[in-house]
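Worksheet for the structure shown next.
The values are calculated or read from the model by the stated rules, or taken from the named source; none is laboratory data. Here the structure is a predicted model, which is why all the values come from computation and not from measurement. As a convention, Cβ positions derive from the backbone with ideal geometry for all residues, glycine included, and neighbour counts pool all protein chains shown.
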Amino acid sequence: MLSVAEAKSPPEGGALADYAIVSLHCLRVYLEKSYRETLDLLSEMPHILAEIASTRPISPTTRR
């Protein structure tokens, strides 16, 4: 997952990619959390996804 700090600007230049800022803001509003709490939750996502991936059995229909 791409963090806000890692989001790249468009090739034509500019500041932090607008989509990252808008996405963070919308997620914060949806979760009813502060920006700090939202970033803390996002920082945990790679660990959660890794745990799910390591415990989920792989079936032939989900392999690509």
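Before moving on, here are some points about what is shown:
- Within segment 40-52, the set of residues being surrounded by 12 or more Cβ atoms within 10 Å (Cβ to Cβ) and touching a Lys or Arg at 6+ places or on another chain (Cβ under 9 Å) comprises LEU41 only.
- TYR19 fulfils the conditions (1) part of a loop (DSSP other than H, G, I, E, B); (2) at pLDDT below 80 except for a single criterion, (1).
- Pairs with Cβ under 7 Å, 6+ apart, first in segment 11-28 and of a type in the set (A, V, I, L, M), second at pLDDT below 70 and loosely packed, with under 13 Cβ neighbours inside 10 Å: ALA15/SER9; LEU16/SER9; ALA17/LYS8; ALA17/SER9; ALA17/PRO10
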